[in-house]
Amino acid sequence: MNNQLFQKKMPSFNKIDRFDGSFVPSAIIFMSGSGTNAVKLLESPDCGKLWKCSAIVTDRVKGCRAKEIAERFNVPYILHDIFQFYRDHGAETISVATERGMELRNLWTDELRKKIADVPHDFGLLAGFVPLSNIVADFPCLNVHPGDLTIEKDGVRLLAGLHSGPVETAILEKHPALRSSVIIATPYIPGEKNVDAGFVLGISDPVAVELPEGVTVEQLQACKKSRVKGRDDLLGKIADEHIDRLKEGGDWKLFPAVTKAFTQGRYAYSENNTLLWKCDDGIFREVKTVLFENGEMTPVFL
């Protein structure tokens, strides 16, 4: 198995950099829900040419289309039910907020490693995979995220976080538009704010924030403050609508494009732990990210 798609060497870092069509890396797609991002990846003309899908892995049955998608595209389907696993170990929830919850997550991940051990995989594609899993420490995993992770506030990535949180934050911060990001996923470390901390390989076209007539940001900020539990309110509804629009205008275009660039060897990282992009002249240069806008790739240099 070749896991040298993303190596700390410069400027030439792996066999993909010398890609001549003789090596087509394999990827496992991990998903938990409707799988629209997975479908867009599998429908991409680069799938089967620049990379191939060796399996679709899911952590759940209810509300998940993983089996259907695997059958449609004729790829192996692997179920590793996280809810059943936790129940079998006497836990009522799958939260990692407690020491026992994190212990079970690590045990669940160890079982996942066994399930994919015989499946060829050079990298992973997290297409809406809900569980925080340190499987991402084993091989490079690209993750699509509903927010522009290059935006910082007080030295912290403002739009990091799970589920609809990044979109809600962008709306409440009065951002005029949303963008999707694709990052290299990093292992989760309890007690540290390291979720969505990996290299930002690319960000998408902007998708405008559009509030319903008569609704103000101030109203939504008050809605956020008055929440007791859950997000079944006006802010949650508006965020969900924007997530759907961001998937279509951001994720569905960005994820296949970044995956293509990744398998073509356009990315590396330096000894100083900075992201490198292989420019059109063949030279790797330090970048903050790469803009994937209107079908063009524009590096944002440091």
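Which members of region 75-119 meet the condition of being among the aromatic types (Phe, Trp, Tyr), surrounded by fewer than 16 Cβ atoms within 10 Å (Cβ to Cβ) and over 24 Å from TRP51 (Cβ atoms)? Give the steps one after another, and end with the answer.
Going through region 75-119, the residues among the aromatic types (Phe, Trp, Tyr) turn out to be 77, 83, 85-86, 108.
Of the ones still in play, those that are also surrounded by fewer than 16 Cβ atoms within 10 Å (Cβ to Cβ) are 77, 83.
The one that is among the aromatic types (Phe, Trp, Tyr), surrounded by fewer than 16 Cβ atoms within 10 Å (Cβ to Cβ) and over 24 Å from TRP51 (Cβ atoms): PHE83.
Residues checked against (1) within 23 Å of the chain's Cα centre (by Cα); (2) closer than 18 Å to THR36 by Cα; (3) surrounded by 14 or more Cβ atoms within 10 Å (Cβ to Cβ):
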{"residue": "GLY191", "(1), (2), (3)": "yes, no, no"}
{"residue": "GLU213", "(1), (2), (3)": "no, no, no"}
{"residue": "LYS229", "(1), (2), (3)": "no, no, no"}
{"residue": "GLY250", "(1), (2), (3)": "yes, yes, yes"}
{"residue": "LEU254", "(1), (2), (3)": "yes, yes, yes"}
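Of everything in region 71-87, what is assigned to a helix (DSSP H, G or I) and either farther than 22 Å from CYS47 by Cβ or touching a Ser or Thr at 6+ places or on another chain (Cβ under 8 Å) (or both)? Give them in sequence order.
Filtering region 71-87 down to residues assigned to a helix (DSSP H, G or I) leaves 71-73, 82-87.
Hits for region 71-87 are ILE82, PHE83, GLN84, PHE85, TYR86, ARG87.
On the basis of being touching a Gly at 6+ places or on another chain (Cβ under 8 Å) and either of a type outside the set (S, T, N, Q) or farther than 27 Å from LEU302 by Cβ (or both), does ASP233 make the cut? Full working, then the answer.
Working: touching a Gly at 6+ places or on another chain (Cβ under 8 Å): no; either of a type outside the set (S, T, N, Q) or farther than 27 Å from LEU302 by Cβ (or both): yes.
Criteria not met by ASP233.
List every residue pair whose Cβ atoms sit under 6 Å apart, with the two residues 6 or more apart in sequence or on different chains, where the first one lies in region 266-293 and is hydroxyl-bearing (Ser, Thr, Tyr) and the second, anywhere, is modelled with pLDDT of 90 or more and surrounded by fewer than 16 Cβ atoms within 10 Å (Cβ to Cβ).
THR274/GLU286; THR289/VAL300
Given the condition buried (at least 18 other Cβ atoms within 10 Å of the Cβ) and in the same structural domain as GLU152 (by TED's automatic domain parsing), answer yes or no: does some residue in region 217-224 qualify? Even if it seems obvious, please write down each step before you answer.
The initial filter retains those residues of region 217-224 that are buried (at least 18 other Cβ atoms within 10 Å of the Cβ), namely 220, 223.
Filter once more, keeping what is in the same structural domain as GLU152 (by TED's automatic domain parsing): 220, 223.
Yes, some residue in region 217-224 is buried (at least 18 other Cβ atoms within 10 Å of the Cβ) and in the same structural domain as GLU152 (by TED's automatic domain parsing).
Can you name every one of the helices (runs of 4 or more DSSP H) wholly within region 179-288 that holds 1 or more residues which are closer than 30 Å to CYS47 by Cα and among the charged types (D, E, K, R)? Spell out the reasoning first.
Numbers: elements: 217-225, 234-246, 252-263.
Where helices (runs of 4 or more DSSP H) fall fully within region 179-288 and carry at least 1 residues being closer than 30 Å to CYS47 by Cα and among the charged types (D, E, K, R), they are 234-246, 252-263.
Take region 14-70 and flag every residue that is of a type in the set (Val, Ile, Thr), touching a strand residue (DSSP E or B) at 6+ places or on another chain (Cβ under 7 Å) and at pLDDT below 95.
Scanning region 14-70 gives a single hit, VAL24.
What number goes with the only condition from (1) out of contact with any helix residue (DSSP H, G or I) (no Cβ under 7 Å at 6 or more places or on another chain); (2) buried (at least 18 other Cβ atoms within 10 Å of the Cβ); (3) more than 17 Å from LYS193 (Cα to Cα); (4) among the charged types (D, E, K, R) that GLU168 does not pass?
Going through the list (1) out of contact with any helix residue (DSSP H, G or I) (no Cβ under 7 Å at 6 or more places or on another chain); (2) buried (at least 18 other Cβ atoms within 10 Å of the Cβ); (3) more than 17 Å from LYS193 (Cα to Cα); (4) among the charged types (D, E, K, R), GLU168 breaks only (1).
The values are calculated or read from the model by the stated rules, or taken from the named source; none is laboratory data. In this text the structure is predicted, and so the values were computed from the model without any measurement. Cβ: placed from backbone, ideal geometry, glycine included. Neighbour counts: every protein chain shown.
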